[in-house]
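Colleague: Below are the structure tokens for one structure; questions will follow.
The values are calculated or read from the model by the stated rules, or taken from the named source; none is laboratory data. It should be emphasised that the depicted structure is a prediction, and the values quoted were computed from it without experimental measurement. Note that we place each Cβ from the backbone using ideal geometry, even for glycine, and neighbour counts take in every protein chain shown.
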Amino acid sequence: MIIVLLFCLMFFLMALGLPISLSIGLPAIGLIVTPGVFPDTVAFTALGQTVVQQLFSGVDSFDLLAVPLFMMAGAIMEVGGISRRLIDFCDSLVGWAPGGLAAACIVASMIIAGISGSAAADTAAIGAVVIPAMIRQGYPPAFAAAVVAAGGSIGIIIPPSIPMVIFGFMTNISTSQLFAGGMMVGILMGLSFMTVAVWISWRHGYGVHQKFSWGQVLRTGKSAAWSMGAPVVILGGILSGVVTVTEAAALAVFYALLVGTVINKELPWKELPGLIVRSQVTAAAILFIIAMAKIFGWLLAMQQSSRLLDVFVNSLALPPTGLLLLIMAMLLIIGCVMETTAALLLVVPVLALLTPQMQVDPVQFGVLVVVNLAIGMLTPPVGICLFVSCGIADVSLGKISRAVIPLVSVAFLDLLIACLWPPLTMWLPTLLYS
């Protein structure tokens, strides 16, 4: 009864428009201190201390320090000229083909995903440059915005990934292994998005075909060399074990700052304080959600939610693959109606306990959860990548939602492949960490 009431109160507060963090935390805190929920022998003062302890322990982690650092790196990258140079280089490589600029947008998104770990930051960094250029070349604004949103969603699949950092923190799974597991899936999704974008562009005659020039490739490649070096340095350090994820996040900030201020010279030092404040406000919101979700999860644990879930799953009598697909379908629905961090924090502590029944490796399950939430970023009503692209392209949510349907459809197919073919997610972690 307490569990049902907890979720009902949470969704009610969300429907009222209350911030996600308060919608999660206030019902849990209110129920904890309500007389009768816990035995009378538990003093009110002790319950208050428990709330404070859970809030603190929710964010008391060296690994979570990577979240504000990656957010800062993404903000610096957005205004430091890194994204524009990457797009110019990718366009020089594939701009001669039908839909070349659309394909270049997705390739650049995949490269930038190796720097910031944030889908929203990737979408904003790419969209500000690509969407106006695509519109000038004859692409419909809704299609241009949809392509940018799809490319941006890869930002939380290709490492580094803030949701993977959070998942690893919550489940005590190696974040480096999660990063390695997401690499091949992210590449598959990028290639799938490119195929769909090029096919639609060729069918409708979108874009301007430019002549291929090795001189242009060399010129733009030289300009973008430092920008392309960032993912190599960051991912190479993480996957090789030279640096931890948090150290890599600090390295990403330093590298983006070096490239933006000294090499590209497009980030004035006077703008840096405001940039840092804006990025850390966003990071603080994420960490506050994590702290509130810790109280929510503690109350669920006290109400023996894991035992109730186990009884429910056993009553379904589904085979392992059927149970996995059922949970994936449920996560897709949750991703459509709930913000990514909140969804991750609410479902992972419970669903991670079912990995033995699903007969999947915890690393594979973590990657699948993140891919699910990435698809949720492309679907209304709370798809963050759609909203960022809408604002840049100045199109309605309805138009971009229709334009993104082919891209979401192929993302569903990629998710199904990742579910049914474990080597896609487990080959690289096994190779690197066996």
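Colleague: Can you pull out the residues in the range 126-143 that are in a helix (DSSP H, G or I), within 16 Å of H209 (Cα to Cα) and out of contact with any Cys (no Cβ under 8 Å at 6 or more places or on another chain)?
Modeller: Answer for the range 126-143, where residues must be in a helix (DSSP H, G or I), within 16 Å of H209 (Cα to Cα) and out of contact with any Cys (no Cβ under 8 Å at 6 or more places or on another chain): A133, I135, R136.
Colleague: Right, another one. Can you name the residue in the range 224-254 that is among the hydrophobic types (A, V, I, L, M, F, W, C) and not in a helix (DSSP H, G or I) and, of all such residues, is surrounded by the fewest Cβ atoms within 10 Å (Cβ to Cβ)? Reasoning before the result, please.
Modeller: Keep residues of the range 224-254 that are among the hydrophobic types (A, V, I, L, M, F, W, C), which gives 224-226, 228, 230, 232-235, 238-239, 242-243, 245, 248-254.
Those left that are additionally not in a helix (DSSP H, G or I): 242-243.
Numbers: V242: 11, V243: 17.
My answer is V242.
Colleague: In addition: Any chance you could count how many residues in the range 176-211 are in contact with a Phe, Trp or Tyr (Cβ under 8 Å, 6 or more places away or on another chain) and of a type outside the set (A, V, I, L, M)? Reasoning before the result, please.
Modeller: Taking the range 176-211 and keeping what is in contact with a Phe, Trp or Tyr (Cβ under 8 Å, 6 or more places away or on another chain), we get 176-178, 180, 184, 200-201, 206-207, 209-211.
Filter again for of a type outside the set (A, V, I, L, M), leaving 176-177, 201, 206-207, 209-211.
Number of matching residues: 8.
Colleague: Take the range 181-209 and flag every residue that is farther than 18 Å from I417 by Cα, part of a helix (DSSP H, G or I) and small (G, A, S).
Modeller: Pass one, the range 181-209, residues farther than 18 Å from I417 by Cα: 197-209.
Next, only the ones that are part of a helix (DSSP H, G or I) stay: 197-204.
Scanning the range 181-209 gives A197, S201.
Colleague: Would you say T430 is of a type in the set (V, I, T), surrounded by fewer than 21 Cβ atoms within 10 Å (Cβ to Cβ) and out of contact with any His (no Cβ under 9 Å at 6 or more places or on another chain)?
Modeller: Spelling it out, T430 is indeed of a type in the set (V, I, T), surrounded by fewer than 21 Cβ atoms within 10 Å (Cβ to Cβ) and out of contact with any His (no Cβ under 9 Å at 6 or more places or on another chain).
To keep it simple, each residue is scored yes or no on (1) modelled with pLDDT of 80 or more; (2) closer than 25 Å to I3 by Cα; (3) part of a helix (DSSP H, G or I).
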{"site": "A256", "(1), (2), (3)": "yes, no, yes"}
{"site": "K265", "(1), (2), (3)": "yes, no, no"}
{"site": "R278", "(1), (2), (3)": "yes, no, yes"}
{"site": "G297", "(1), (2), (3)": "no, yes, yes"}
{"site": "F312", "(1), (2), (3)": "no, yes, yes"}
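Colleague: Quick check on I384: is it within 17 Å of the chain's Cα centre (by Cα), more than 18 Å from P159 (Cβ to Cβ), surrounded by fewer than 21 Cβ atoms within 10 Å (Cβ to Cβ) and not aromatic (F, W, Y)? It would help to see each step written out before you state the result.
Modeller: Working: within 17 Å of the chain's Cα centre (by Cα): yes; more than 18 Å from P159 (Cβ to Cβ): yes; surrounded by fewer than 21 Cβ atoms within 10 Å (Cβ to Cβ): yes; not aromatic (F, W, Y): yes.
It is true that I384 is within 17 Å of the chain's Cα centre (by Cα), more than 18 Å from P159 (Cβ to Cβ), surrounded by fewer than 21 Cβ atoms within 10 Å (Cβ to Cβ) and not aromatic (F, W, Y).
Colleague: Answer with yes or no whether A329 is at pLDDT 85 or above, out of contact with any Cys (no Cβ under 9 Å at 6 or more places or on another chain) and over 28 Å from G181 (Cβ atoms).
Modeller: Numbers: at pLDDT 85 or above: yes; out of contact with any Cys (no Cβ under 9 Å at 6 or more places or on another chain): yes; over 28 Å from G181 (Cβ atoms): no.
So A329 fails the test.
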